[in-house]
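Okay, so here's the structure we're looking at.
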Amino acid sequence: MIDVSDLIQYLYCPRKVYFIKVMGIKLKKPKMEFGKELHDKLRIKCDGDIIYNLYLESESYGIRGVVDAVIKENDNYYPVDAKFTRFNKLFYSWKMQLTAYAVLIEENFDVTIRKGYIYFIDEKKLEEIEIAPEDKKALREIVKKVETIINEEKIPNVEKSRKCEYCEMKKLC
Ligand code: SF4
């Protein structure tokens, strides 16, 4: 199964998937402290249950991941992803990450999800994000591309860019 984090790495640069999944390079994951603040924010937003750090798998998409939080209000479920970032614009990869969490919840709880939330830890801001059927379709395409890199074990051709300056793989690449 493909980890949701691999999809995010792919959207940063397909080569990162090659280094991580084919060559086995491990990335250090920063530990994020957001528990109480996120809980307080979500409590203002909803009356329902909140499940934290929920591990889920999807057979249909072939992905797995841990959702930071899932809001359950009556029969509606909403994924929440917490971000520690200095950027306050919405990146496509973040939307795809939320979409991945949405399909994981859909498959495991037999529901349809049309929106989720990103929690900006620094700003203590919760932003609602629409998740459309086209996003779920786009996610399937991304999963296929990641699977191809892993199965073919060939380093993808990419153009170097400014992203390389911030990339953990730049010494290897
Ligand atoms: S250094 Fe640049 S080309 Fe290499 S993996 Fe990172 S972003 Fe991609």
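The values are calculated or read from the model by the stated rules, or taken from the named source; none is laboratory data. As the structure is a prediction and not an experimental result, all values here were calculated from the model. No Cβ is skipped: glycine too gets one built from the backbone with ideal geometry, and neighbour counts run over all protein chains shown. Just so you know, the surface numbers come from the protein's heavy atoms only, side chains and all, with ligands and any DNA or RNA stripped out. Shrake-Rupley method; radii C 1.70, N 1.55, O 1.52, S 1.80 Å.
Numbers below:
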{"quantity": "DSSP beta bridges in the chain [antiparallel fraction, %, rounded to 5]", "calculated": "75 percent"}
{"quantity": "Prolate/oblate/rounded call for region 101-173, Cα gyration tensor, a/c under 1.5 rounded", "calculated": "oblate"}
{"quantity": "Among PRO156, LEU98, TYR166 - extreme Cα towards positive end, dipole of region 57-173, charges at beta-carbon", "calculated": "TYR166"}
{"quantity": "Of all DSSP beta bridges in region 67-154, antiparallel share, percent nearest 5", "calculated": "75 percent"}
{"quantity": "Residues of region 2-166: accessible area per residue with a 1.4 Å probe, Å²", "calculated": "59 Å²"}
{"quantity": "Table column - 3J(HN,Hα) (Hz), region 62-69, Karplus curve with 6.51, -1.76, 1.60, x for Gly and Pro", "calculated": "x, 10, 8, x, 10, 8, 4, 7"}
{"quantity": "For the chain, the longest site-free run once GluC sites (Glu not before Pro) in DSSP loop states with at most 16 other Cβ atoms within 10 Å are removed", "calculated": "60-122"}
{"quantity": "Extension gain from LYS45 to LYS145, taking 0.36 nm per residue of separation minus the Cα-Cα distance", "calculated": "32.4 nm"}
{"quantity": "Accessible surface of region 2-166, 1.4 Å probe, proportion on carbon and sulfur as whole %", "calculated": "48 percent"}
{"quantity": "Cβ-defined net charge surrounding TYR101, 9 Å radius [Lys, Arg +1; Asp, Glu -1]", "calculated": "-2"}
{"quantity": "Solvent-accessible surface (1.4 angstrom probe) belonging to LYS115, in square angstrom, nearest 10", "calculated": "50 Å²"}
{"quantity": "Among ILE131, ILE44, ILE155: highest mean-square fluctuation, GNM of the chain, C-alpha pairs under 10 Å", "calculated": "ILE44"}
{"quantity": "Listed pairs LYS16/LYS95; LYS36/LYS125; LYS137/LYS160 exceeding 21 Å between Cα atoms", "calculated": "LYS137/LYS160"}
{"quantity": "At most 13 other Cβ within 10 Å, DSSP loop - chymotrypsin sites (Phe, Trp or Tyr not before Pro), region 43-145", "calculated": "PHE84, PHE87"}
